[in-house]
Amino acid sequence: MENKIYPVKGKIIFLDVDGVIATPNQIKKYAQEHGKSCPPGLPQIDPICMEFLKRLVDEFDAKIVVSSAWRKLKHDMFDLIKICSVYGIPIVGKTASLPSGHRGEEIVDYMKRHAVSINDICILDDSIEHMEPFDKTYIARTDPFMGIDENSFEKAREILLR
């Protein structure tokens, strides 16, 4: 079987969800407002983080590739696609699950299969563990409790401006 390449052009943001747009702060806020614990999925998504993500997408005409564990469950992906569509944020794909489970390797695999240039990517994640071969010049690391904030937004802008 032939390995086909399906090019994805333009700026690509590899998106983790937990600790980036789904935050413990949002989960706590939901529980306080509703008097019960926060269910998984959409209620965990922080609207402030979504606004930061939307600003990045709009400024750079960027597309989202999901690198988060959320990509592994259909209902999580459905929720993510649903909330992103509300904000006008295009999801163009997700990384494959490789046996190593290393996010960096999964991103490299996606880049190879879709002819994505290293100069066109930004990785939004709250962890840098298992990100080899990428270093901080490609990763806008978020605070795992706050998600995307002004600092990680500016770092992502710097990365996408190259």
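Structure above, values below:
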| read-out | value |
| --- | --- |
| Inter-residue pairs, beta-carbon under 7 Å, first more than 11 Å from Leu124 (Cα to Cα) and in the stretch 140-162, second open to solvent by 10 Å² or more (accessible area, probe 1.4 Å) and part of a helix (DSSP H, G or I), 6+ apart | Phe145/Pro24; Phe145/Asn25; Met146/Asn25; Leu160/Phe60; Arg162/Asn119 |
| Inter-residue pairs, beta-carbon under 9 Å, first surrounded by fewer than 11 Cβ atoms within 10 Å (Cβ to Cβ) and in the stretch 31-55, second of a type in the set (A, V, I, L, M), 6+ apart | Ser37/Ile27; Ser37/Ala31 |
| Selection status of Phe14, open to solvent by less than 50 Å² (accessible area, probe 1.4 Å) and part of a helix (DSSP H, G or I) | no |
| Selection status of Pro39, over 16 Å from the mean Cα position of the chain (by Cα) and in a loop (DSSP other than H, G, I, E, B) | yes |
| Which listed residue, of Glu106, Glu154, Glu158, Glu132, is more than 16 Å from the chain's Cα centre (by Cα) and modelled with pLDDT of 95 or more | Glu158 |
| The lone exception for Lys9 - which of (1) under 30 Å from Lys112 (Cα atoms); (2) touching a Cys at 6+ places or on another chain (Cβ under 9 Å); (3) surrounded by fewer than 17 Cβ atoms within 10 Å (Cβ to Cβ) it fails | (2) |
| Test: Lys74 is open to solvent by 10 Å² or more (accessible area, probe 1.4 Å), more than 17 Å from Arg103 (Cβ to Cβ) and at pLDDT 95 or above | no |
| Selection from the stretch 121-150 of residues that are hydroxyl-bearing (Ser, Thr, Tyr) and open to solvent by 60 Å² or more (accessible area, probe 1.4 Å) | Thr137 |
| Candidate set: the stretch 93-109, residues that are open to solvent by less than 30 Å² (accessible area, probe 1.4 Å) and not aliphatic (A, V, I, L, M); chosen: the one farthest from Asp135 (Cα to Cα) | Gly93 |
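The values are calculated or read from the model by the stated rules, or taken from the named source; none is laboratory data. What you see is a predicted model, and the numbers here were worked out from it, not measured in a lab. Note that we place each Cβ from the backbone using ideal geometry, even for glycine, and neighbour counts take in every protein chain shown. To get the accessible areas, we keep the full protein, side chains included, count just its heavy atoms, and leave off ligands, DNA and RNA. Shrake-Rupley method; radii C 1.70, N 1.55, O 1.52, S 1.80 Å.
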